[in-house]
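Engineer: Got a structure for you, written out below as C-alpha cells; questions coming shortly.
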Amino acid sequence: GVVRVEDTQSPVAGLIVHQGVVERGDISLGDLVTAQVDISRRLDSARNHSGTHLLHAALRAVLGPHVRQAGSLVAPERLRFDFSHISPLSAQEQLSIQSLANQKIRENLRVAAHETSYAEAVREGALAFFGDRYGDVVRVVAMSDPSQEGPFSLEVCGGTHVTATGQVGALFVLGEASIGGGMRRIEAVTGRAAEELFVDQAAKLEALSRKLQTPVADLEVRLDNFIQNN
C-alpha cells in the first residue's frame, strides 16, 4: 500500500502522529513501512520556516522586544506569522523589517540546533512562545555569525530548517493586518515562491507597459495623465 502523508501533529511531547490518505492498496496495523520525504516540498518548507525565525527576529529588532509570537503557519508556498503589537505597521516599518531579514539572508548566518533542558534553553535566552507543549528535552535553533557576539535569532523549535540563511534565497513581505486586539498578522514568501512573485509582478508591469504604450519606468506618469484626462 501507498499512503500520502498530508499532515503531522504532536498531541503530546515525544509523540508524532502522521495523518494521510491511502492512495493505493491498503495498510494494516503492524505493517512495516518505508517513509520517504518529498525533498523539494521539504526544502520549500525549510526555507519558509527559517524565514519565519528571521522575520520574528527582525520584527523584534525594528518594533521592540515587546513583540511576542502568537502563532504561525509554515507551508511550502508561504509563511504567516502572528505577533503582539498595538498599531498597524507603516510602509517604512515593513520595508525595514524586510530589509533586515534579507540582510541576514545575505550574511549567510549559520543555522545550528542543539538539545537541552527547557530551563537551560530559557537561561540561554531562547524564545519560546504561544503555549507549545515542551518535554524534558527541547531543541534550540540558533542563527548566528561566529564572528559576532550573540545569535541574531535563538528559539526553541522542533521544525525543519536550512543549514545557513543564504539558502532562504530572499524574503518578501506580502502585507500585514490586524487579527484582534493588540494582535497583528504578517505574511511573506521565500525561495521559489519569492522568485515566482517577482516574475509575476514583472510580467504584470510589462503587460501594462504594452497596453499604455509607454516604458515601464514612465508608467506612473502615464497613468496619472490617463486618469486626469478621463
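Engineer: Can you find a residue that is open to solvent by less than 30 Å² (accessible area, probe 1.4 Å) and under 14 Å from F81 (Cα atoms) anywhere in the range 203-214?
Structural biologist: no
Engineer: Within the range 178-189, is there a residue that is open to solvent by 90 Å² or more (accessible area, probe 1.4 Å) and under 16 Å from the mean Cα position of the chain (by Cα)? Spell out how you get there, then give the answer.
Structural biologist: Of all residues in the range 178-189, those open to solvent by 90 Å² or more (accessible area, probe 1.4 Å) come to none.
Scanning the range 178-189, I find no residue that is open to solvent by 90 Å² or more (accessible area, probe 1.4 Å) and under 16 Å from the mean Cα position of the chain (by Cα), so the answer is no.
Engineer: Between L29, L55, which is out of contact with any Lys or Arg (no Cβ under 6 Å at 6 or more places or on another chain) and either surrounded by fewer than 17 Cβ atoms within 10 Å (Cβ to Cβ) or of a type in the set (F, W, Y) (or both)?
Structural biologist: Working: L55 fails: either surrounded by fewer than 17 Cβ atoms within 10 Å (Cβ to Cβ) or of a type in the set (F, W, Y) (or both).
Testing whether each residue is out of contact with any Lys or Arg (no Cβ under 6 Å at 6 or more places or on another chain) and either surrounded by fewer than 17 Cβ atoms within 10 Å (Cβ to Cβ) or of a type in the set (F, W, Y) (or both) leaves just L29.
Engineer: Next question. For residues that are open to solvent by 70 Å² or more (accessible area, probe 1.4 Å), in contact with a Lys or Arg (Cβ under 9 Å, 6 or more places away or on another chain) and either at pLDDT below 95 or under 19 Å from H114 (Cα atoms) (or both), tally how many sit in the range 146-173.
Structural biologist: The total comes to 3.
Engineer: Sticking with this structure for a sec: Every residue in the range 190-200 that is touching a residue at least 40 places away in the same chain (Cβ under 8 Å) and either of a type in the set (A, V, I, L, M, F, W, C) or open to solvent by less than 30 Å² (accessible area, probe 1.4 Å) (or both), please.
Structural biologist: First, the residues of the range 190-200 that are touching a residue at least 40 places away in the same chain (Cβ under 8 Å): 190-193.
Scanning the range 190-200 gives T190, G191, A193.
Engineer: Give the residue, chosen from Q36, Q94, Q19, that is exposed (fewer than 10 other Cβ atoms within 10 Å of the Cβ) and of a type in the set (S, T, N, Q).
Structural biologist: Being exposed (fewer than 10 other Cβ atoms within 10 Å of the Cβ) and of a type in the set (S, T, N, Q) holds for just one of Q36, Q94, Q19, which is Q36.
Engineer: On to the next question. Of all residues being part of a strand (DSSP E or B) and at pLDDT 95 or above in the range 56-81, which is farthest from the chain's Cα centre (by Cα)? Just the residue, please. Full working, then the answer.
Structural biologist: Residues of the range 56-81 that are part of a strand (DSSP E or B), as a first pass: 69-74, 79-81.
Still in the running and at pLDDT 95 or above: 79-80.
Values: L79: 4, R80: 6 Å.
Among them, the one singled out is R80.
Engineer: Quick check: is even one residue across the range 120-129 open to solvent by 70 Å² or more (accessible area, probe 1.4 Å), at pLDDT 95 or above and assigned to a helix (DSSP H, G or I)?
Structural biologist: Within the range 120-129, none of the residues are open to solvent by 70 Å² or more (accessible area, probe 1.4 Å), at pLDDT 95 or above and assigned to a helix (DSSP H, G or I).
Engineer: Here is a further query. Go through the range 1-53 residue by residue and tally those that are in a helix (DSSP H, G or I) and charged (D, E, K, R).
Structural biologist: Final tally of qualifying residues: 4.
The values are calculated or read from the model by the stated rules, or taken from the named source; none is laboratory data. Please read all numbers here as calculations on a predicted model, not as lab measurements. Positions of Cβ are backbone-derived with ideal geometry, glycine not excepted, and every protein chain shown enters the neighbour counts. Calculation scope for accessible area: heavy atoms of the full protein, side chains included, ligands and nucleic acids excluded. Shrake-Rupley method; radii C 1.70, N 1.55, O 1.52, S 1.80 Å.
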